[in-house]
1. Could you please find all residues in region A:444-471 being at pLDDT 90 or above, touching a helix residue (DSSP H, G or I) at 6+ places or on another chain (Cβ under 7 Å) and at the interface with chain B (Cβ under 10 Å from one of its Cβ atoms)?
2. For region A:330-356, what are the residues that are modelled with pLDDT of 70 or more and facing another protein chain (nearest Cβ under 9 Å)?
3. In this structure, does residue A:51 turn out to be part of a loop (DSSP other than H, G, I, E, B) and away from chain B (no Cβ under 13 Å)?
4. Run residue A:412 past the list (1) part of a helix (DSSP H, G or I); (2) more than 14 Å from chain B (Cβ to nearest Cβ); (3) closer than 30 Å to residue A:311 by Cβ and report the number of the one that doesn't hold.
5. Give me a count of the residues in region B:141-163 that are crowded, with 18+ Cβ neighbours inside 10 Å and either outside the structural domain of residue B:81 (by TED's automatic domain parsing) or over 26 Å from residue A:69 (Cβ atoms) (or both).
6. Got a sec? Which of A:203, A:280 is surrounded by 18 or more Cβ atoms within 10 Å (Cβ to Cβ), assigned by TED's automatic domain parsing to the domain that holds residue A:453 and closer than 23 Å to residue A:31 by Cα?
7. Among the numbered criteria (1) farther than 30 Å from residue B:199 by Cα; (2) surrounded by fewer than 21 Cβ atoms within 10 Å (Cβ to Cβ); (3) within 14 Å of chain B (Cβ to nearest Cβ), which single criterion is violated by residue A:389?
8. Taking only region A:312-351 into account, find how many residues are closer than 19 Å to residue A:468 by Cα and over 17 Å from the mean Cα position of the chain (by Cα).
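The values are calculated or read from the model by the stated rules, or taken from the named source; none is laboratory data. Treat the numbers as computed from the prediction; the structure is a model and nothing was measured. For neighbour counting, all protein chains shown are included, and Cβ atoms are generated from backbone atoms with ideal geometry for every residue, glycine included.
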């Protein structure tokens, strides 16, 4: 077995073991919208019905749902009031899921027509297969499928980094270690939720893009990238940022192919960013958001651009959501609402800011000098890194324009909406970090990276999660 | 010279970003607040005179050493005291622990810790915390946060409202205190089951705590996840893989 596959086997084993740890630590249902996704899959797989509003109003939830919520103290752990019957406080209001979880938890209800169901259709056969298993066992088996997708994402991350930086495993290790040791990634992407599938599909898309730019264009690579793009968009609106990313990829490719002047390329890229930003705001003004695109709904609400987007209350919302997005990326654990950063929050902010400056240094040193003859990176590397940089801009636009458009915190944004861009983010985060290491300490780059992430993760589950969830 | 120039720029950028950060996110709210326990922010029970609130609970681990409760305290400079009794049962005559604190030391909405010597044999035992305010005023403005419904399956709370005449009961309530008399008036005796917001902390012996933790981790879970030994196996496997990863990383970086 080659060294490459030995390393990969080690990382895969580590992902599986860590995934199992996170699956085991988090009680059933205590993940973002997990009961809602599970119920939609169960309706399709076990009841043989499409999860419409009418079906939710007539089909009882699994008879053990309430019992398992009680056994694992889910309402208490999540901090929400259980939907109790006034006469019999230990029983739910009735046996319909629509009156059980969504009204009290603010969790979504997965309704056909309003919500993309690709992931649920994919999981339905498994649900049918395990129909006779106890409810909690069914949930854990579905979580294992999520772990499988997360493992595939890590594998894609490894090959993605190797494609961009062939012959240097430091980048592949740096990227995959970040994926494996980011606590929120392991938590969200080992739960039953369409997030895990869309993260896998978008990672496949980025892998395809990297192959196209670094190894040359072929029909199979275009096909792989296009299929991943289409499926990802149909799976969850959080993948929509890859549409403008694809335009940027095309423009960057054409610019290199036909020797466009840098000014023309810059102008076109700026136009795409502006169009994406304004288009996203309009989209969230006239529809319920990206779901309208993923489910091909018609636009119905009137456009309202007369709002005051720069008033004190607007700024308060923006600052709150930026802070919330940051916190939920490094901790908070979705529905469990567990803040792991607490006292160390300022330190993590500062570390991230410093790494961010490192990232800017990297861009200035390696990406911007595109036309120069003496370049440390090849033109292919520069091109794909430029495309990845824009993908990060687009995902931030897709996360924050709903807040600007609606002037409310209704859309969060929880960090899991950012996770489809984990591959480019991890790579840039590592590259930014690497810029901060002085040349004479270069041999410590990976050990410090691993030590920091390992420490953070151990702190997260050892000192925060387990004490919080298990007393 | 060029290197120096860059170092200064980076240093300035770090300081600038730190300042921006302080400006934007300088006020870090305490996460141990009722905001992060919305379940316990619906009701407030007013303590004055001989009013008293109790909460039964079961300690899960050995070494029970701290209980956190949430209060609404709008009296900033009175000399009132709040008394906490930890008992084996709510109606027991003897206290296991008795703690008296100044009301002014309680911060609204934030977890207020009651610390005492660890109770080594607390695992699996039932306790009761009784809270009363030694206040001679109706407007002592100390409320205990609670849920409106039964949320804690291993015990429940009771509330006994004030029955004695208080000297300044006719005092005009300040605007920000209006809710407290209302709560008192509308809920003299609470009929429905409810719980106050509380958190338990332990400082027991490591071996016994780990054994209890393993049992807790495995409870109600299916298959291997329901076996305490599985968690030890996972941890050992994880440790082994981390050790191998360290060796590999050091080699890769060296090459």
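1. Within region A:444-471, A:445, A:446, A:447, A:449, A:450, A:454 meet the criteria.
2. A:337, A:338, A:339, A:345, A:346, A:349, A:350, A:353, A:354, A:356
3. yes
4. Of everything listed in (1) part of a helix (DSSP H, G or I); (2) more than 14 Å from chain B (Cβ to nearest Cβ); (3) closer than 30 Å to residue A:311 by Cβ, residue A:412 misses just condition (1).
5. Counting residues in region B:141-163 that are crowded, with 18+ Cβ neighbours inside 10 Å and either outside the structural domain of residue B:81 (by TED's automatic domain parsing) or over 26 Å from residue A:69 (Cβ atoms) (or both) gives 7.
6. Residue meeting the stated conditions: A:203.
7. Here residue A:389 meets the rest and fails (3).
8. Qualifying residue count, region A:312-351: 10.
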